[in-house]
1. Using Cα pairs under 8 angstrom and six or more residues apart, how large is the relative contact order of the stretch A:210-527, in percent?
2. Please turn the phi angles of the stretch A:316-324 into ³J(HN,Hα) values with the Karplus equation 6.51 cos²θ - 1.76 cosθ + 1.60 (θ = phi - 60°), one per residue in order, whole Hz, x for glycine and proline.
3. Report the relative contact order of chain A, percent, no decimals, based on alpha-carbon pairs under 8 angstrom and at least 6 residues apart.
4. Ignoring ligands, DNA and RNA, how do A:Arg520, A:Arg360 rank by accessible area with a 1.4 Å probe, largest first?
5. For B:Lys217, which lysines qualify as cross-link partners when the Cα separation must be under 16 Å and same-chain residues fewer than eight apart are set aside?
6. For A:Ala221, which sequence-distant residues (separation of 5 or more, or a different chain) have an amide H within less than 5 Å of its own amide H, given hydrogens modelled in the peptide plane?
7. For the protein assembly as shown, what proportion of DSSP beta bridges, expressed in % and rounded to the nearest 5, is antiparallel?
8. Which far-off residues, 5 or more places away or on another chain, put their amide H under 5 Å from the one on B:Val129, with H placed in the peptide plane?
Amino acid sequence: MRDTQIPREALPWLLAAQAGSLVLHISHLPLWMWLLAAAVAGWRWLIHTGRVAYPGRRLKALAVVAASAGVILTFWRSFALESATAFLVAAALLKLLEMRYRRDGYVVVFLSCFVLAVGFLFHQDILAGLYGLLCVWLLMSALLALHRHFSSARQAKRSVQRQAGTILLVSLPLMLVLYFLFPRLSPLWGFNLHSGEARTGLSETMAPGDIARLGQSDELAFRVTFTDGRIPPRQELYWRALVLDQYDGRQWKPFAPPAAIDWYRAAPAAVTDDRSLYAYEIIQEPTGKRWLFALRGVSAAEAGTGVTDQGMLVSRRPVHNRIRYRAQSWPATPLQAEGLTAVGQRLALSLPRSVNPQSRAFAAQLRQEHSSDEDFIQTLLSYFRDNAFYYTLKPDVLGSNDIDEFLFSSRRGFCAHYAGALVFLARSAGIPARVVAGYQGGEWNAEEGYLTVRQYDAHAWAEVWLAGQGWVRVDPTAAVAPERIEYGLEQAVADEGSFLEDQVFSAQKLKGINWLNRLRLEFDSLNYYWQRWVLAYDGERQKGFLSGVLGLKDYKTGLVLLGSSFFVFFLLASVVLWWKSRPPAQSPFMRAWRLLQQRGARAGVVAMGSDTPSVYLQRLAEQQPLIRDELLQLRQDINQLLYQHEDAQRLAGLVRRLRRLAKRIK
Amino acid sequence: MSPAVSRVLRQLNDVILGKEEQIKLALSCLLARGHLLIEDLPGMGKTTLSHALAGVLGLEYKRIQFTSDLLPADILGVSIFEREAGTEAGRFRFHPGPVFTQVLLADEINRATPKAQSALLEAMEEGQVTIEGETRPLPQPFFVIATQNPVSQSGTFPLPESQLDRFLMRIQLGYPDPQAERELLEGKDRRAMASALQAELSNEELAQLQQQVKQVKASASVLDYLQRIIAFTRYEGGYQYGLSPRGALALLHSAKAWALVDGGREYLLPEDVQAVLAAVVDHRLAEAADGGAHSVSQRILNAVPVLL
């Protein structure tokens with residue numbers, strides 16, 4: 001194969017396409033990678049303008065070694081998606097330095113395609129999708145520009161960017177067909193690619209300040225739609241994620257992984273008219289953990305999910321990708337009302353010995369006054385309500401006996417402080433209690449009918465076990481700051497002005513301006529539909545779509561449909577192409593002339609490609625002595641009318657003569 | 001046919017025997033105001049033809065024999081310092097080179113180095129030469145008739161495409177047929193006959209003929225045919241480069257001149273285009289692949305329909 005130089009006008013396209021493919025990686029590539037990108041692209045541009053030469057073999061080897069070392073050092077001991085991506089990007093960038101011929105251009109374009117696709121592992125929202133389309137257009141333009149040749153004048157009539165746009169538009173139907181019908185082979189593609197990126201979200205341990213930190217993040221946690229149309233009141237929206245039943249004097253954490261899990265078994269969903277049942281569907285952002293979010297009294301309704309003995313919804317595998325699952329809850333169901341096991345009882349009462357003596361004493365004193373468990377808890381709540389406790393996103397830093405300090409001196413705290421203190425006091429008084437972490441509330445999008453729960457909705461509350469009632473939710477935060485539960489965090493800390501104060505550009509801050517808020521909600525619902533219909537379209541939903549919308553029984557028919565739509569597409573394309581390049585309609589004169597030539601050919605006078613009318617008629621006249629004179633006269637007339645005095649009308653008059661003569665050829 | 005043209009043709013045919021076709025092409029080329037390149041082996045009558053053409057058209061002509069050590073100054077002229085008699089003072093005086101003429105015979109143009117070739121080719125394109133910063137117009141009309149040996153011969157510098165493009169036509173003479181050869185052997189010295197030719201045209205008559213060529217009518221059908229040919233060379237024929245717009249104009253002008261010279265017609269026939277096609281396009285088109293048995297122009301003729 002002869003090496004073809006890269007056309008000069010292709011280089012800007014190639015550089016732009018490669019730069020474009022990197023944008024989705026902004027969030028995780030190290031800074032030096034950007035310097036490398038700038039240096040390499042700059043160098044290649046200087047080669048283009050003729051100021052420097054291609055780097056030598058030794059320099060290239062050095063660059064490869066240095067880049068590899070850079071990747072290894074940057075991601076030392078944390079091999080994950082980011083490090084692999086960084087290595088790929090470094091390799092793609094260095095390829096620019098030896099991009100000499102057209103085939104190198106191909107490599108760069110294909111690498112950029114791959115880099116772009118890898119970017120979707122990190123960003124999947126609708127903006128990333130649109131941006132991806134833009135990049136595909138850039139890449140397509142680069143590919144077309146690579147094929148420009150200075151002599152191909154026909155191509156030059158159309159600019160590459162327009163041509164690329166046309167190609168993408170034309171292939172749109174094919175893309176949709178592939179999207180809907182191409183088999184989604186989840187076992188092969190569904191790697192749980194582990195990302196080393198630190199995620200904002202609940203963690204397995206809870207120190208008092210943790211959830212307050214979450215309060216500063218407006219990242220999406222999950223979205224909920226209520227599939228039955230019954231929506232619980234806002235103060236009932238306690239999304240349980242995990243139970244923290246062990247206290248080490250500082251942190252709350254789960255005692256052990258859940259022992260018994262009741263996995264979902266595919267069973268026909270009982271059609272129920274139960275007014276207390278809430279059926280819902282959740283699209284959850286990746287957490288890297290196994291817990292899922294659900295209301296109280298949950299039962300699993302999706303393969304791969306199950307319910308623990310503590311009444312929590314969990315997933316079989318850690319959630320590394322965005323997932324979508326159904327669940328249903330009867331919030332009124334009592335939890336373990338029949339009684340606690342001995343182990344459970346001991347666990348729900350255990351406390352480290354030496355910490356928070358003041359609180360223990362306080363609990364003991366209250367206990368003497370209130371023998372009933374319920375009374376005791378109510379007293380605690382009124383204690384929080386009646387004393388000058390303050391709900392804040394900026395709690396004071398507490399010392400080693402943090403609950404003592406919190407209860408009796410600082411009295412400033414976030415939900416975790418209140419929940420922790422209440423559970424501590426309850427346990428001190430011999431009442432089984434535990435902390436539950438999750439989210440509370442969310443933003444209801446009334447127009448589209450779904451609930452958006454963000455990280456700042458993170459919440460912690462308490463559950464106490466009461467004889468005959470089982471585990472009962474007790475939320476001390478509701479006693480201190482009822483507006484937190486009624487209206488959400490923003491209202492609760494409105495006086496303090498600390499809501500998302502670190503995030504200057506957060507869209508959540510636009511709530512005050514009416515039309516901007518509408519815009520924000522519109523965009524949010526757009527993203528919601530994107531997640532619901534595009535990102536969550538997996539093999540299961542494809543099956544549902546095939547059978548539900550298209551009425552297909554099995555995959556085989558789906559494949560046949562896929563194949564036939566390809567066939568139809570290419571058939572249509574070829575018909576269009578043929579139509580555009582079909583020969584122009586012939587004039588009556590030309591049809592008559594063709595007829596004459598056909599008859600002549602039958603008589604042995606075949607028209608050569610180079611025959612002019614007069615040459616052909618001359619030959620024909622010599623071979624047809626009977627009509628020789630007419631043919632020679634015709635020859636003279638045609639020459640006159642076609643070439644000497646153009647006269648369309650008289651030329652049309654020749655048609656009949658031509659036909660008549662054609663018939664007389666023997 | 002105009003009497004002047006037929007007189008010129010008769011005179012030329014007396015000198016160059018059995019080459020009516022080539023003579024008509026050469027005359028058409030000059031009437032279309034184009035430069036002519038004659039390519040053939042040594043001794044085929046190239047120089048005689050060019051001598052005869054200049055003589056019969058009544059034009060002043062000069063001749064340069066191109067050699068590998070020819071310098072641009074040998075073609076264009078040079079300024080020489082001349083001292084006034086008896087004094088120290090003096091001034092530079094320009095001695096015009098052989099290029100300052102109406103017909104320039106550039107014999108064996110591919111023997112000279114590209115430097116010398118380009119000096120001439122500039123003059124062909126611009127109709128003027130710039131020497132030592134001063135632009136000097138050339139006499140009108142200005143024709144270059146260049147001859148060259150086929151490039152396969154050793155010791156030649158083939159003209160690049162851009163320079164070949166400046167020649168309106170390239171013709172080949174070929175061996176004479178036996179009858180013409182016998183006449184040649186029996187007859188007088190052809191070179192002497194060429195030098196002794198009487199001018200048949202005045203400069204005014206020549207200009208008038210050139211004007212007539214321009215007025216030859218090209219009908220839509222002929223222009224369609226011509227454009228089909230151009231399109232074929234660009235998109236289908238498998239040539240490295242198609243005909244440029246200048247090539248298309250060259251084809252049109254040559255065909256018009258041919259219509260006048262060959263038939264004395266004032267309108268174009270497709271036959272005229274076909275007649276000049278080989279002379280006009282063969283040297284402009286390089287074939288990407290081996291074209292087979294047919295020449296470039298023959299392939300075009302066979303592939304492009306005259307009427308569509």
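1. Details: 619 pairs, mean separation 75.1, N = 318.
It rounds to 24 percent for the stretch A:210-527.
2. Taking θ as phi minus 60°, the curve returns 5, 10, x, 8, 8, 10, 5, 10, 10 Hz for the stretch A:316-324.
3. Details: 939 pairs, mean separation 83.0, N = 666.
Computed value for chain A: 12 percent relative contact order.
4. Details: A:Arg520 20, A:Arg360 70 Å².
So, going from the largest accessible area down, we get A:Arg360, A:Arg520.
5. B:Lys256
6. Close amide H contacts, sequence-distant or interchain: A:Val453, A:Arg454, A:Gln455.
7. Numbers: 64 of 85 bridges.
Around 75 percent antiparallel, to the nearest 5.
8. B:Arg136, B:Leu138
The values are calculated or read from the model by the stated rules, or taken from the named source; none is laboratory data. For clarity, every value in this text was computed on a predicted model and none was experimentally measured. All Cβ positions, glycine included, derive from the backbone under ideal geometry; neighbour counts span all protein chains shown. Protein only, heavy atoms only, side chains kept; ligands, DNA and RNA dropped before computing areas. Shrake-Rupley method; radii C 1.70, N 1.55, O 1.52, S 1.80 Å.
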